[in-house]
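Some notes on the structure that comes next.
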Amino acid sequence: MIRAGVAIVDITPPPGLAMSGFAARTLPARGAHDALTARAVVVGDTAVVVADVIGIDAATSARIRQRCVLPAENVVVAALHNHGGPVSMGGRLSIAADPAYLERLEDGCIAAIDKAATARRPATITVGQGSDPGIARNRRHPGGPVDTSLPHLRIRAADGSMIAVVTAYACHPVVLAADNLLWTADYPHFVRQALEEAHPGAVALFMTGCVGDANTGHSAHASISLAENPDRSFAAAERIGRKIAEAALAAVEQPVSNAVSARNDTVSLTFERRETEPPETLEKRWRDEALNAEPARKSLLGYWADWARDIAPTQPEPLAARVTVLDWGGVPIVALPGEIFAETALSIRAALGLDKPAFVIGFADDNPGYIPPAGEFRFGGYEVDEAHRYYGLAATFAPGSAETLAACAIRLANETSSGSGAA
């Protein structure tokens, strides 16, 4: 029988810290709508921990894996990628992080893993596939691809009581917009709340899928605004979260095996500049434009101008990107770094078998920014041409990077499913 445990650690920051996720938002948090958490599920000697922050960088993720009680190669450290959380990565996303909070975040993730490991007990796992909740939209191409998968894992103790429910969905946790000044896990908070209401005493873990080009329907540029929008409210987030939870809860259960394993590898991703003008030309243009820009645009242009001055002149080194595939009783958890597009997730699902419930998630073990499929570069847009500036990268990831990640994930999944090694 599998042994499994779960734990939650509160990582809610105090009011007054800077918020991350919108270049347009300059004011600090004034309070909390819901508690931010680090949630860990341990199955055998493997674990996934998800923290309610926009990203956890590779160095922090590595320390968490090394410091926790489980083997480092068996642990996935993922971020929820909510845009209502604190600055959680040093040197990224254009706002200085609070060192004390970064320490608390790291310690909180370790504590969640260790507590979940201590709480392990004999358990059974079932898996199912929820129906498409119809929430996610491709924000770059009307009617474009989205990953509609809704895998749902139920972990029960030997007495039948529910220990944990685990689900994932690929829709940007960005229902709340730049006008929000309250800490929040966004719509995933309401997914977890509804799942836990359905299973009293259980802990719900939500993993964010490959959402680089998916949200509830607005463009990325629509977030360069401080205006209120009824479609981007807590009421909307609750409606969306509960609809996703309802679809997940209806998933038909299938038993899984007792085999648990983990495999990972690192690939090297290179960069390619999109800007053709010298950095000094760009800086001057953006600073001149900012003089008469409205506040939200002015804030964005300030970040861009600082990027042109400080980061654009540097030569980016290739990035070592970690890919992990956990296997929980035949259920793959494919963990990729950064903001991955639906096309990449769907290519992985096609290789695994489209009828197979599988978790394919982003923001795992690093969040260096958007990693677009090769076919998206001709369309340009925020995710291809601009986002790297806000992320603090000198250039965009080169075409082929997403395909390299997918190929690695597929290879690891095939190796894992062949039964090579148990954790």
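The values are calculated or read from the model by the stated rules, or taken from the named source; none is laboratory data. Predicted model only: the values in this text are computed from it and were never measured. Note: ideal-geometry Cβ built from the backbone for every residue, glycine included; neighbour counts use all protein chains shown. Heavy atoms of the whole protein, side chains included, go into the accessibility calculation; ligands, DNA and RNA do not. Shrake-Rupley method; radii C 1.70, N 1.55, O 1.52, S 1.80 Å.
Packing-based ranking of 380-391, 362-373, 252-263 yields 362-373, 380-391, 252-263, ordered from highest to lowest mean Cβ neighbour count within 10 Å. Taking the average, over residues, of other Cβ atoms within 10 Å as the packing measure, peptides 352-359, 149-156 rank 149-156, 352-359 from highest down. A cut-off of 5 Å between modelled amide H atoms, ignoring neighbours fewer than 5 places along the same chain, links LEU36 with ILE11, THR12. Heavy-atom accessible surface of the chain, averaged per residue, reaches 36 Å², computed with a 1.4 Å probe. Rounded if a/c is under 1.5, else prolate if a/b is larger than b/c, else oblate: which is region 261-413, with a ≥ b ≥ c the root eigenvalues of its Cα gyration tensor? The shape class here is prolate. Within the listed set ALA38, ALA237, ALA158, the Gaussian network model of the chain (springs between alpha-carbon atoms below 10 Å) gives the highest mean-square fluctuation for ALA158.
Counting only alpha carbon atoms, the long axis of helix 279-290 and the longest principal axis of the chain meet at about 80°.
Only protein atoms count toward the accessible area here, which uses a 1.4 Å probe; on region 356-402, the carbon and sulfur part of that area reaches 52 percent.
For region 149-178, backbone nitrogen atoms closer than 20 Å to the point 7 Å from ALA293 Cα along Cα-to-C-beta are found at 177-178. Charged neighbours of ALA7, selected by a Cβ distance under 9 Å, balance to +1 (K, R count +1; D, E count -1). In degrees between 0 and 90, to the nearest 10, how far off the longest principal axis of the chain does helix 234-249 point, with axes built from Cα atoms? Helix 234-249 sits roughly 30 degrees off the main axis of the chain.
Labels on offer are (1) 34, 23, 20; (2) 39, 26, 18; (3) 33, 28, 19, and the one holding semi-axes √(5λ) of the Cα gyration tensor in Å computed from this structure is (1). Using C-alpha pairs under 8 Å with a sequence gap of at least 6, the mean separation divided by the residue count of the chain gives a relative contact order of 19 percent. Taking θ as phi - 60° and the Karplus parameters 6.51, -1.76 and 1.60, the scalar couplings of region 257-274 work out to 7, 9, 7, 10, 8, 8, 9, 8, 7, 10, 10, 9, 10, 9, 10, 9, 6, 9 Hz in sequence order, x denoting glycine and proline. Against the chain, whose longest principal axis comes from its Cα atoms, helix 99-118 is set at around 10 degrees. In terms of the Cα gyration tensor, with a ≥ b ≥ c the square roots of its eigenvalues, is region 294-382 rounded because a/c is under 1.5, prolate because a/b exceeds b/c, or oblate? Taking the square roots of the gyration eigenvalues as a ≥ b ≥ c, region 294-382 is prolate.
The Cα center of region 134-198 and the Cα center of region 33-69 differ in position by 17 Å. Between region 205-240 and region 71-131, the C-alpha centres lie 22 angstrom from each other.
Global dimensions of region 52-145 from alpha-carbon coordinates: Rg and Dmax equal 17.2, 47 Å. If you take all other residues with their beta carbon under 12 Å from the beta carbon of SER225, and give Lys and Arg +1 and Asp and Glu -1, the sum is 0.
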